[in-house]
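Working notes, structure below.
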Amino acid sequence: MTRQIEHVDVLIAGSGPSGTSTALHLVQHDPAWAQRILVVDKAVHPREKLCGGGVTHLGTDILARLGLRFEPRHFLVREVCLVYEDKVFTFKGNPAFRVTRRDEFDHWLVQQAEARGVTVRQGEAILDIAVEDEQVVVTTEKRTIHARVVVAADGSRSFIRRRLKWDDDSRVARLLEVLTPEDARRQVEFRDGLAIFDFTPMRDGLQGYYWDFPSYVQGESFMNRGVFDSRARPERDKADLPGVLGRSLAERERDLQAYQLKGHPIRWFHKDGRFSRPRVLLVGDAAGADPLMGEGISFALGYGQVAAGAIVDAFARQDFSFATYRDRLLATPLFRHLWRRTQAARIAYRLNYPWLVRLGWRAMRLALRFTRWRDRDYQPGVAPRLWLEAES
């Protein structure tokens, strides 16, 4: 049987935040792009996606510039508590960040793209990809697609990265999470709008933290609880993540065995990473997320704007080498900020001695007094100038 062959200018592999953001930013540049884009995804929305679900002002600002209000169901966190042993400090905001569910958030973004004329094919997995001089040939379960540009937005376990043998020095962090049903009226996190990051498990070899996020799942109150292990020092033995999570839950009178345990990798961002090759761009978790706090959604949205700018420029100049894509990323304040987080992770999670961690905790607590994050009414955001624009 002869396979259907389809020709498109831009094929976006993956309909998560980074892929959908790329499409939305292209259409924002020129609505005619909607007819030149095809998004394919092996999943069908709404689909479950393991993620803490935190969206900071970095992400909501990008959505606002796309003309999108944050409509998916979410919980407003107004106070963030950072803990190490008996040392505690907090930062506040109105909100400090939002907690959403990825199945609802991603589905909403896809609907926004479709409403603007973008074709999104769900339930269609990519089976193969071959980069040629004048096109990229992508084989899916249902057809063969000839694309002039491919955007790999297919996550930390990116099939496109693996198939193209995309070698670089990227590292992968780990996380585990569970959802525990809660009575919101009795739970302080719901009552006070509180999220907790507990770094005390660093004593057990964890290169990261335990978290407690209040969240809603299909309108019901749940705590999203988990552990994040950055693996900033890969030469160290891996922490026993189920053990760390189990002990942390036990301290909160919860039994790990009573809940469904789920795990997921997170690829690190590094400024020396390889983010492109001729006719192919990496975005989102396929390119690299935040290794300090594990924040992915906001940066995924940011990749979309940078990738869209690179694509528009490539078609204008008929140069599909994408040789300057990495420079474009690093020229934006958002990704310079992400690189600073990468450097901070390397320092924070390499500390060997508890007394040194405690000293750093005191220093951060003092530094917080000189920021606006001490004010519960602080509404974080950016100046009218686009956060993602390169500074002249």
Among what's in segment 322-381 and is among the hydroxyl-bearing types (Ser, Thr, Tyr) and over 30 Å from Gln305 (Cα atoms), pick the residue that is surrounded by the fewest Cβ atoms within 10 Å (Cβ to Cβ). Tyr353
For the structure I just gave you, tell me whether Gln305 is of a type outside the set (Phe, Trp, Tyr) and in contact (Cβ under 8 Å) with a residue 12 or more places away in the chain. yes
Return only the number of the condition from (1) surrounded by fewer than 19 Cβ atoms within 10 Å (Cβ to Cβ); (2) in contact with a strand residue (DSSP E or B) (Cβ under 8 Å, 6 or more places away or on another chain); (3) at pLDDT 95 or above that Asp30 does not satisfy. (2)
Take segment 195-234 and flag every residue that is outside any loop (DSSP other than H, G, I, E, B) and among the charged types (D, E, K, R). Asp198, Arg203, Asp204, Asp212, Glu220, Arg225, Asp229
Name the single residue that is farthest from His337 (Cα to Cα) among those in segment 235-288 being at pLDDT 95 or above, outside any loop (DSSP other than H, G, I, E, B) and among the β-branched types (Val, Ile, Thr). Val244
Being free of Cβ contacts under 8 Å to residues at least 60 places away in the same chain and either within 28 Å of Arg186 (Cα to Cα) or in contact with an Asp or Glu (Cβ under 9 Å, 6 or more places away or on another chain) (or both) is the filter here; which residues of segment 217-237 pass it? Gln218, Glu220, Ser221, Phe222, Met223, Arg225, Val227
For Gly219, state whether it is at pLDDT below 90, small (Gly, Ala, Ser) and more than 21 Å from Arg358 (Cα to Cα). yes
When only residues in segment 51-76 that are of a type outside the set (A, V, I, L, M, F, W, C) and outside any loop (DSSP other than H, G, I, E, B) count, which is surrounded by the fewest Cβ atoms within 10 Å (Cβ to Cβ)? Arg65
Could you tell me how many of the residues in segment 50-92 are on the phi < 0 side of the Ramachandran plot and among the small types (Gly, Ala, Ser)? 4
Does Leu356 satisfy the criteria of being of a type outside the set (Asp, Glu) and at pLDDT 95 or above? no
Taking Gly205 as the residue in question, decide whether it is under 22 Å from the mean Cα position of the chain (by Cα), on the phi > 0 side of the Ramachandran plot and among the small types (Gly, Ala, Ser). no
Residue count, segment 77-99 (criterion: surrounded by fewer than 21 Cβ atoms within 10 Å (Cβ to Cβ) and among the small types (Gly, Ala, Ser)): 0
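The values are calculated or read from the model by the stated rules, or taken from the named source; none is laboratory data. Remember, predicted model here, so these are calculated numbers, not experimental data. Quick reminder, even Gly has a Cβ in these numbers, built from the backbone with ideal geometry, and neighbours come from all protein chains shown.
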